[in-house]
1. From Val279, Val242, Val296, grab the single residue that is modelled with pLDDT under 85, under 16 Å from the mean Cα position of the chain (by Cα) and buried (at least 22 other Cβ atoms within 10 Å of the Cβ).
2. Select from segment 415-430 the residues that are in contact with a Phe, Trp or Tyr (Cβ under 6 Å, 6 or more places away or on another chain) and of a type in the set (Gly, Ala, Ser) and list them in ascending order.
3. Of all residues in segment 242-264, count the ones that are more than 24 Å from Gly335 (Cβ to Cβ) and among the hydroxyl-bearing types (Ser, Thr, Tyr).
4. Identify the single condition in (1) farther than 17 Å from Ala119 by Cα; (2) out of contact with any Phe, Trp or Tyr (no Cβ under 8 Å at 6 or more places or on another chain) that Gly275 does not satisfy, given that it satisfies every other one.
5. From the list Arg140, Arg162, Arg117, which residue is out of contact with any Cys (no Cβ under 9 Å at 6 or more places or on another chain), at negative phi, among the basic types (Lys, Arg) and at pLDDT 80 or above?
6. Can you give me the number of residues within segment 260-304 that are free of Cβ contacts under 8 Å to residues at least 40 places away in the same chain and outside any helix (DSSP H, G or I)?
7. Please find, within segment 170-224, the residue that is surrounded by the fewest Cβ atoms within 10 Å (Cβ to Cβ) out of those that are among the charged types (D, E, K, R) and in a helix (DSSP H, G or I).
Amino acid sequence: MSEAAKTPYKPPVSELGPGQTSYTSITEKISGIVLTRNTPVAWFIFFAIGFLLLHGFMVGVPYLLFEGVGIWGLNNPVGWGWAIINFVWWIGIGHAGTLISAVLLLFRQKWRTSINRAAEAMTIFAVLCAMQFPLLHTGRPWLACYWLLPYPNSMDIWPQFRSPLIWDVFAVSTYLIVSLVFWYVGLVPDFASMRDRTKNRIGQVIYGMLSLGWRGSAIHWERYEMASLLLAGLSTPLVLSVHSVVSLDFAVALIPGWHTTIFPPYFVAGAIYAGFAMVLTLMIPMRMIYGLEDFVNERHLNNMAKVMLASGMIVAYGYFMEQLIAWYSASTYEGFMMQNRMHGPYNNFYWALIFCNLIVPQLLWVRYFRTNMFWLFFVCQFINVGMWLERFIIVVTSLHRDFMPSSWDMFHPTIWDIALYVGTIGLFIVLFFLFIRGLPMISLHEIRTLLVSKDHK
């Protein structure tokens, strides 16, 4: 008898825990998070932390509008600082939602069903946080409509755009609109379920309006499936296009460290890398707070960790190619740029980036670390920090020492740079926890389809 024949059979891992065996148990568990009045204490703690951090944004923005961008640590060579760093970082975080919802839907991957709703919400909130920085970076946001939006003026000529971020206006706004529509369409059947289950008259009216008259008829489901597939097909190119456009803000410049053709795929891979790390950062605590072990199980953690590991290897390849291009080009400026990153005044940030994004994620090769919540959450925090450091290295180290040593200068963030960044983190936390409290964080109708599924792929 062969060794394969002696190996005991192991059934495939189900997406649902053993406690979820009926439509009723699934519906009561997920809808009860929203409809119950017994909100966990942890929810109030996290919401209070987010609201406290939000004050940095609420104070920093009015002061910025009154004083101007001079309150930031910007100087003559470093004209792009934390605002652009945070913008690229937040946009990257928003990529995982579209990937999980659209791409995995087209490939009929059932393990996406427990995490797609929260990932979509994360995408929308991250994009809203990102959109603040290009507007604030203009210095006079009330003129941004004229500077950034492409419309002819009274003389029938196109205005001279004042910011290179004009491309991002198109990319990010399209990404936000499509993601918002995709998210809302997926919520319509769940709105109807919440409408029928809530006993609060106000809730019945609100959920009834949001459900758009959904009755669950065959024609409703047919149109729902068609709309979902069309929006998924429309959203899939956005995963590649949005961060490619963001990377072109850098790639079209002649600054060493920016002028490289590897930026579009490099940025896209980094965005998926950071996005999945943030999804796990949110879902692991939610799994513990609300007892969602039956819905977000070992299979989901393992698959997300695998995607994160694969995208991390692409990011590592991008780091290697940057070194290779700087050496192989024989360009004095490119070579100095890499030497400055590794041995210059910001070398601690560069090596911290390598440690967070390359060394620590190698733990994910081991299944134990991919399925253990503590270690997976630990790795994700390093990746979140590392991806922010990557944006910092790209923006600051390429600008603070460019072609002319006479114009070199160091960049030092001010308290207002920190306040606005921390404030957007608070805004993200507040929006996400309001979403958890008011809407089902897991798709009811998609989870229920797993009960009749005989194959778990």
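1. Every option except Val242 fails the conditions.
2. Correct list: Gly423 only.
3. Total satisfying the criteria: 1.
4. (1)
5. Every option except Arg117 fails the conditions.
6. The number of residues fulfilling the criteria is 2.
7. Only one residue tops the list, namely Arg201.
Conditions (1) part of a helix (DSSP H, G or I); (2) in contact with a helix residue (DSSP H, G or I) (Cβ under 9 Å, 6 or more places away or on another chain); (3) among the β-branched types (Val, Ile, Thr), marked per residue:
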position: Phe377; (1), (2), (3): yes, yes, no
position: Cys380; (1), (2), (3): yes, yes, no
position: Val385; (1), (2), (3): yes, yes, yes
position: Leu389; (1), (2), (3): yes, yes, no
position: Ile393; (1), (2), (3): yes, yes, yes
position: Ser398; (1), (2), (3): yes, yes, no
position: Arg401; (1), (2), (3): no, yes, no
position: Ser406; (1), (2), (3): yes, no, no
position: His412; (1), (2), (3): no, no, no
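The values are calculated or read from the model by the stated rules, or taken from the named source; none is laboratory data. Since we're looking at a predicted model, the values are computed, not measured. Cβ sites come from the backbone with ideal geometry, for glycine too, and all protein chains shown count toward neighbours.
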